[in-house]
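A short write-up of the structure that comes next.
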Amino acid sequence: MCGILAVLCCSDDSQAKRVRVLELSRRLKHRGPDWSGLAQHGDCFLSHQRLAIIDPASGDQPLFNGDGSIIVTVNGEIYNHEELRKSLPSHKFRTGSDCDVIAHLYEEHGENFIDMLDGIFSFVLLDKRNNTFLAARDAIGVTPLYIGWGLDGSVWISSEMKGLNDDCEHFEAFPPGRWYNPPWFSETIPSVPYDPLVLRKAFEDAVIKRLMTDVPFGVLLSGGLDSSLVASVTARHLAGSKAAEQWGTQLHSFCVGLEGSPDLKAAKEVSEYLGTVHHEFHFTTYDVTSIRASTPMFLMSRKIKSLGVKMVISGEGSDEIFGGYLYFHKAPNKEEFHRETCRKIKALHQYDCLRANKATSAWGLEARVPFLDKEFINTAMSIDPEWKMIKPELRRMEKWVLRKAFDDEENPYLPKHILYRQKEQFSDGVGYSWIDGLKAHAAEHVTDRMMLNAKKIYPHNTPTTKEGYYYRMIFERFFPQNSARLTVPGGPSVACSTAAAMSWDAQWSSNPDPSGRAALGVHLSAYEAKKAAAPLAAGTGPEDIINNKKARMVEVAAAPAVAIST
Amino acid sequence: MCGILAVLGCADASLARRSRVIELSRRLRHRGPDWSGIHCFEDCYLAHQRLAIMDPTSGDQPLYNEDKTIVVTVNGEIYNHEELRGKLKSHKFSTGSDCEVIAHLYEEYGEDFVDMLDGMFSFVLLDTRDKSFIVARDAIGITPLYMGWGLDGSIWFASEMKALSDDCERFVSFLPGHLYSSKNGGLRRWYNPPWYSERIPSTPYDPLVLREAFEKAVVKRLMTDVPFGVLLSGGLDSSLVAAVASRHLAGTKAARQWGSQLHTFCIGLKGSPDLRAAREVADYLGTLHHEFHFTVQEGIDALEEVIYHIETYDVTTIRASTPMFLMSRKIKSLGVKMVLSGEGSDEIFGGYLYFHKAPNKEEFHEETCRKIKALHLYDCLRANKSTSAWGLEARVPFLDKSFINIAMEIDPDWKMIRPDLGRIEKWVLRNAFDDEQNPFLPKHILYRQKEQFSDGVGYSWIDGLKDHANEHVSDAMLMNASFVYPENTPTTKEAYYYRTIFEKFFPKNAARLTVPGGPSVACSTAKAVEWDASWSKNLDPSGRAALGVHEAAYEGPAGPTPAPEDSSSPINGLPQIQPGLVAGTTVS
């Protein structure tokens, strides 16, 4: 990842302004520790902080077209850049950077080239010939982008809010994929029958194109289904790739957790099966509250980066596409199920994409997410959602279509019990005491009286738990502007559901815990009841796994319930 | 390098205070991007930002003794840690970190162990048994350290000023070679080598003894568990470091882990003298050489950041730091975490061009002593902070304790510049590595004359800086300079420009007092300005003023004097230096 900041038409071309832009751009230095650049054209400034993944030697930014009349600052990876270069035979490229094609595509095709790009990106392009500019963000919002407006008539565009929040009168998240118009976007219910091999192929292609790198890389492996599939497919296809020639054919995998946590154990098992060079990082709740780290991913990224690794492949997006969250068990019908997956994908840029990108970029590490490949999404979202529905009677657990697609008897991607292991929410998997630790810490520092006044102090998105209040205080300290709080989504949710899905179960609205556990309770009870009533012929597959999980979940369910009620 | 911050006795053990210490510690994160840690004991806080060079997997800090009653936060490298561990047979170590010995040595020997450490370090050690603490900084001040006092009675220590400047009422540089003990309530010098008294030594020059001392200094600095390289400007000092490092690399543990081919790095404006010279040396030594180019605009755009990082408004330091700062970012982006660098040689051997005017060997020697003592304010500060800004560690073999002792024991008569005997500046060092059978460097490089760092990156660099400052500092501003900045008043527009940036980041009076000032010509101390009456009239801080002097000094005598073939040709290589002279006029 890189960090971009553009200030356009600010009616000020002074040295003082230049220094200010440089200063603000440095707030994004963590995203691009390798080099920085600034191109100024009159009162327009395009700045860049670079993390060098492709062509480290020559690809410094901003980039230019052949005659230098078009300037572009890009945060992203264009996986099909070689193919696009070939489509521009008359153009002379100055660097080997994958982002170099953007200026040339614009020169050739005008504004309508964006859907030709396959990858993740945010960019600002300035056409010096007529002083116009163009900004775009990738389809799903894998890369972050914000837009702001200054009182001087300037337009600001920045990878992170902190690049522009102090200098803009108003700012907001730049909507992802404004140019993006795939069939699933309309939320009509698709009817293509499920074909496991088509889905498998689409995912393999998505992983393979993400092996494009000139620097050391690895995979984030929590031991859950999604990250294990990413690791398995990567390990399988690494051999003949250019990456392997440079960095060896043995894959590095990384896992973080409290000592003895379920993720550490599960990841170790998968890594042993796949034969990866596995790195485990341990932390303590004590550490975390002290460092005020938002997520275990943030902590792990620092450790990964310290090993010299600059890029990781990660499993985000699968739960949204396949309805992997546990509350999907309660989807009333396939239409509701499908629409909820569409809503979830559209909201990804505010949740998992934001987390994965910013938690890694904080340490100059790039996260790539094959599940959010454009082609893969199209394939997965055209499947008749009937197949995605959770049907214990047909032994279809959540994400069954994905599991089934990689259930290869002859040449197994993963051992069966891992392939059919049930979901563990990320924050739970790092260790059960993690969330409890956070809650206890917040409860210690947020008084009942503070909660009582929460509505007066924070009328917008009022925090309803002490933990929420605690995080909010920290956020407000860094980002006091009203615009800032409006960039964060709110509203009722249970275990990551959208507000619309809250109507699936009347009970949910009375206990809006944002963690997965509330739904886990539901989930457990849903199964316990059914099993007691009519014991299913528990076969070899998913049922065993569900049984295995039970003991662990009961243990979890007890503690937080108390915390929530306070 | 790492970043340390300690707050002791602040009479506040609240979460708010803890958060504040963590927040301040984060201002040092560039020094230690790999991990961070904090230890709180009542109202004492020891924080650490780690750059993992030795034992990356287990050496997170703060570190402890066995029963955890002694806590220590260290920025440094202890090259003789294995030997010291050997002395502490009854102690059980819990990490492979070289710094862990400090806690154990204290436990064993009390306060008087500091001189046993061979390396560079700054540390704060807290003895929780009686809540006492000691703080120490290495002999020469290779690692930076500041000390401050809060209104609440607290004492603060930090690797860089930025971590304590906002919260202390007053702060100062912690003197190198000193130890602060809370028990005795004062600062005392633990470093007490023979040369410190500045008396004139009389040991005759032995080239092989000097050579061996330097080789040892380089070899012990190859201790690393991560990729490393050498900063190579192509001048004598960095070329010697590279030559010795590449000769001894094979067979080391570092070579087994990272390959036996040495990486070398050089930066310059396109076509600069350094780039050419370094390339030549790299080709000769067969290193994996990396060249980086920067533009004057890129350098100017980096100035604010450079000044924020190196915490000085000293003109020569800023000129030289900027290219080093830019280069460090590029080096780090290649995955390299440590570099060897050639700082210190000019001070020890009187390598600056103004030494040509030293009136006698006594004056010469005393000036070298003063220069070494002031290193922590200049080149050590520059080398450490320019590299640490990007989580890169710089090691400086010329500042090895034993090497300094040997080099400073030599009768200074040998160090004097004697064109009549064919001895150019730093002749004792050049001659020590003039090995006919197994040459360290080609003769013409070994006897090449000094190029000041800032000139070597390209002549237009300093001119570009001056032009930029002239554009943004008006005559009126400079006229009022003595009223705006009564201490260390800037006398040039360039100095004024840097000063305004410095004041923006460090507005307190205590901050400006940490930066040295006073008259100087071409890096001389104020005392040496007396060597030539004409100097006090033209105080250009760059090397060029003295170059003028130098040239004038030689044009006369050097022509007719039949200098020996080795050394005379490099002196005649003066045309290289001449273009720079044009800029001298701006000062007047």
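The values are calculated or read from the model by the stated rules, or taken from the named source; none is laboratory data. What you see is a predicted model, and the numbers here were worked out from it, not measured in a lab. All Cβ positions, even for glycine, are placed from backbone atoms using ideal geometry, and neighbour counts span all protein chains on display.
The strands (runs of 3 or more DSSP E) located wholly in the stretch B:106-181 that include 1 or more residues which are among the polar types (S, T, N, Q) occupy B:119-127, B:132-137, B:170-173, B:178-181. Restricting B:TYR146, B:TYR64, B:TYR109 to those that are out of contact with any His (no Cβ under 8 Å at 6 or more places or on another chain), free of Cβ contacts under 8 Å to residues at least 12 places away in the same chain and not basic (Lys, Arg) reduces the list to B:TYR109. Restricting the stretch A:291-322 to residues that are on the phi > 0 side of the Ramachandran plot and surrounded by fewer than 24 Cβ atoms within 10 Å (Cβ to Cβ), the residue that is modelled with the highest pLDDT is A:GLY308. Among the residues of the stretch B:39-59, is any part of a helix (DSSP H, G or I) and surrounded by fewer than 19 Cβ atoms within 10 Å (Cβ to Cβ)? No. Scanning the stretch B:51-68 for residues that are within 11 Å of chain A (Cβ to nearest Cβ) and either touching a helix residue (DSSP H, G or I) at 6+ places or on another chain (Cβ under 8 Å) or at pLDDT 95 or above (or both) yields B:LEU51, B:ALA52, B:PRO56.
Is it true that some residue in the stretch B:392-405 is in contact with a strand residue (DSSP E or B) (Cβ under 8 Å, 6 or more places away or on another chain), of a type in the set (Lys, Arg) and in contact (Cβ under 8 Å) with a residue 24 or more places away in the chain? The answer is yes, given that some residue of the stretch B:392-405 is in contact with a strand residue (DSSP E or B) (Cβ under 8 Å, 6 or more places away or on another chain), of a type in the set (Lys, Arg) and in contact (Cβ under 8 Å) with a residue 24 or more places away in the chain. Which of the residues that make up the stretch B:507-533 are over 18 Å from B:TYR378 (Cα atoms) and not in a helix (DSSP H, G or I)? Across the stretch B:507-533, the qualifying residues are B:PRO507, B:LYS508, B:ASP532, B:ALA533.
Considering the stretch B:18-48 alone, what residues qualify as being within 13 Å of another protein chain (Cβ to nearest Cβ) and among the acidic types (Asp, Glu)? Can you show your working first?
Keep residues of the stretch B:18-48 that are within 13 Å of another protein chain (Cβ to nearest Cβ), which gives B:18-23, B:25-26, B:29-30, B:32-40, B:45-48.
Of everything in the stretch B:18-48, those that are within 13 Å of another protein chain (Cβ to nearest Cβ) and among the acidic types (Asp, Glu) turn out to be B:GLU23, B:ASP34.
Of all residues in the stretch B:308-322, which are more than 14 Å from chain A (Cβ to nearest Cβ) and not small (Gly, Ala, Ser)?
Step one: filter the stretch B:308-322 for residues more than 14 Å from chain A (Cβ to nearest Cβ), giving B:310-321.
Once the filter is applied, which keeps residues that are more than 14 Å from chain A (Cβ to nearest Cβ) and not small (Gly, Ala, Ser), the stretch B:308-322 yields B:ILE310, B:GLU311, B:THR312, B:TYR313, B:ASP314, B:VAL315, B:THR316, B:THR317, B:ILE318, B:ARG319.
The set of residues in the stretch B:467-496 that are crowded, with 19+ Cβ neighbours inside 10 Å and either under 28 Å from the mean Cα position of the chain (by Cα) or among the acidic types (Asp, Glu) (or both) comprises B:HIS468, B:ALA469, B:PRO490, B:THR492, B:LYS493, B:GLU494, B:ALA495, B:TYR496.
In the stretch B:293-307, is there at least one residue being part of a loop (DSSP other than H, G, I, E, B) and away from chain A (no Cβ under 14 Å)? No, that holds for no residue. Of everything in the stretch A:209-254 that is surrounded by fewer than 22 Cβ atoms within 10 Å (Cβ to Cβ) and among the β-branched types (Val, Ile, Thr), the residue that is nearest to the other protein chains (Cβ to nearest Cβ) is A:VAL215. On the stretch given as the stretch A:42-52, residues that are out of contact with any Asp or Glu (no Cβ under 6 Å at 6 or more places or on another chain) and either facing chain B (nearest Cβ under 10 Å) or farther than 29 Å from B:HIS472 by Cα (or both) total 1.
Please find, within the stretch A:479-506, the residue that is surrounded by the fewest Cβ atoms within 10 Å (Cβ to Cβ) out of those that are hydroxyl-bearing (Ser, Thr, Tyr) and touching a residue at least 40 places away in the same chain (Cβ under 8 Å). Please lay out each step first, then the result.
Going through the stretch A:479-506, the residues hydroxyl-bearing (Ser, Thr, Tyr) turn out to be A:483, A:487, A:493, A:497-498, A:503.
From what's left, touching a residue at least 40 places away in the same chain (Cβ under 8 Å): A:483, A:487, A:497-498.
Values: A:SER483: 19, A:THR487: 16, A:SER497: 26, A:THR498: 19.
Looking at residues that are hydroxyl-bearing (Ser, Thr, Tyr) and touching a residue at least 40 places away in the same chain (Cβ under 8 Å), I get A:THR487.
Which members of the stretch B:276-323 meet the condition of being of a type in the set (Asp, Glu) and either in contact with a Cys (Cβ under 9 Å, 6 or more places away or on another chain) or under 30 Å from B:VAL515 (Cα atoms) (or both)? So that I can check it myself, show each step before the final result.
We begin by selecting, within the stretch B:276-323, every residue of a type in the set (Asp, Glu); these are B:280, B:283, B:291, B:298, B:301, B:304-305, B:311, B:314.
B:GLU291, B:GLU298, B:ASP301, B:GLU304, B:GLU305, B:GLU311, B:ASP314 - these are the residues of the stretch B:276-323 that are of a type in the set (Asp, Glu) and either in contact with a Cys (Cβ under 9 Å, 6 or more places away or on another chain) or under 30 Å from B:VAL515 (Cα atoms) (or both).
Just so you know, in the stretch A:22-41 the residues that are over 19 Å from A:SER11 (Cβ atoms) and more than 10 Å from every other protein chain (Cβ to nearest Cβ) include one that is farthest from the chain's Cα centre (by Cα), and it is A:ARG27.
Taking the stretch A:8-23 as the range and being closer than 20 Å to A:ALA135 by Cα and among the acidic types (Asp, Glu) as the test, no residue passes.
Restricting attention to the stretch A:354-371, the residues that are buried (at least 23 other Cβ atoms within 10 Å of the Cβ) and touching a strand residue (DSSP E or B) at 6+ places or on another chain (Cβ under 8 Å) total 10. The residues in the stretch A:324-348 that are touching a His at 6+ places or on another chain (Cβ under 9 Å) and either buried (at least 24 other Cβ atoms within 10 Å of the Cβ) or of a type in the set (S, T, N, Q) (or both) can be counted, and the count is 2.
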